[in-house]
Amino acid sequence: MKLAHESDLLPLNAAKAFEAFARLGSVTAAADELGLTASAVSHRLAQLEEFVGTKLTERRGRGLALTAEGREYLESILPAFFLLRTATSQLRFRASAHEISISAIPLFAVSWLIPRLAGFSRQNRDIDVRVTYAQNRNYSSDAADISVRFGAGAWLGYKSELVLSGAVVPVASPALLQGRDRLSGEETIAGLPLIHDESRDHWLNWFRAAGVRADHQHLSGPLFEDGLLVRAAAVSGLGAALCRLPLVADDITHGRLVVLSDRSLDDGRSYYLCTRTDRELPQMSRRFVAWMRAERDRHQPES
């Protein structure tokens, strides 16, 4: 591959002077913005013209104006300068430590985190929060300072602490139960349409724990990728689902879902608050972690 010769490289300071002059309309204004003398700006404009091999400005009265080539060149480089300013501004904003990044599983973010964020913002008006989806298929690609993950609690390069138990109970929409005989036990739940979260094994294991005979042959029904989709399907009346009570508490309170049985199933996976071990957590991120712990403890069910 042929490397660019030094003489082929765009003189960036000259291009910057040209962009400032064209945007502001005068050499003097460009000099003020760039912290240069008017003579230095004029020199850089001449340097750029020499580099591109054409006139970009022309004398009009006592000032300079863009030539047709200058206007065309300006239109071409403005998007690049806009991207450069935007990227730099975002980086400086983050570097100023006013923003913290949190990644979370979608259902946890929608049902637990977001409803409580207003409280955090009221207590921490100097912090902006950026929330993204946790890449649960590839946690190693997660670049957030703080993440809420679902699993067994052990991820290479992270410290983790329990936030929410993974135990599930069967729930369904009241609309699904209309016209059906009153549920009298776990056996009757097997007669309902079922919704599956990632695997049909969850319902199979729940029925076995309840002493109800069931096998894959009888566990038909739609299979969804994550809990957020399962919750939406259950609320719509598509079938009964196994859900974590704290994540559907609002649906139960407002009558969108009802609990079909108090029998729970815990497969060993839960929600964990995770922080990186390869760097010290910034002070503002530590405040968020402390707030998360307080919220977790405040909403812990009484034993």
Notebook entry, point to check: Is it the case that segment 100-115 has a residue that's surrounded by fewer than 15 Cβ atoms within 10 Å (Cβ to Cβ), of a type in the set (S, T, N, Q), modelled with pLDDT of 90 or more and assigned to a helix (DSSP H, G or I)?
Noted result: no
Next item on the list: Filter segment 47-61 down to the residues that are at pLDDT 90 or above and either exposed (fewer than 14 other Cβ atoms within 10 Å of the Cβ) or not in a helix (DSSP H, G or I) (or both), then identify the one that is farthest from the chain's Cα centre (by Cα).
Entry: GLU58
Notebook entry, point to check: Which one of these is surrounded by 15 or more Cβ atoms within 10 Å (Cβ to Cβ) and either in contact (Cβ under 8 Å) with a residue 12 or more places away in the chain or in contact with a strand residue (DSSP E or B) (Cβ under 7 Å, 6 or more places away or on another chain) (or both): GLY239, GLY268?
Noted result: GLY239
Check: Considering only residues of segment 271-293 that are in contact (Cβ under 8 Å) with a residue 12 or more places away in the chain and among the hydrophobic types (A, V, I, L, M, F, W, C), which is nearest to ALA154 (Cα to Cα)?
Finding: CYS274
Note to self: Against the conditions (1) under 23 Å from ARG122 (Cβ atoms); (2) open to solvent by less than 80 Å² (accessible area, probe 1.4 Å), where does ARG286 fall short? Just the number, please.
What the structure shows: (2)
Notebook entry, point to check: Can you name the residue in segment 105-124 that is aliphatic (A, V, I, L, M) and touching a Leu at 6+ places or on another chain (Cβ under 9 Å) and, of all such residues, is farthest from ARG287 (Cα to Cα)?
Noted result: LEU107
Notebook entry, point to check: Would you pick out the residues in segment 190-199 that are closer than 18 Å to ASP267 by Cβ and either buried (at least 18 other Cβ atoms within 10 Å of the Cβ) or over 36 Å from the mean Cα position of the chain (by Cα) (or both)?
Noted result: LEU194, ILE195, HIS196, ASP197
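The values are calculated or read from the model by the stated rules, or taken from the named source; none is laboratory data. Quantities reported herein were computed from a predicted structural model and do not represent experimental measurements. Methodologically, a virtual Cβ is constructed for each residue, glycine included, from the backbone with ideal geometry; neighbour enumeration extends over all protein chains shown. Accessible surface is based on the protein model in full, side chains and every heavy atom, while ligands, DNA and RNA are left aside. Shrake-Rupley method; radii C 1.70, N 1.55, O 1.52, S 1.80 Å.
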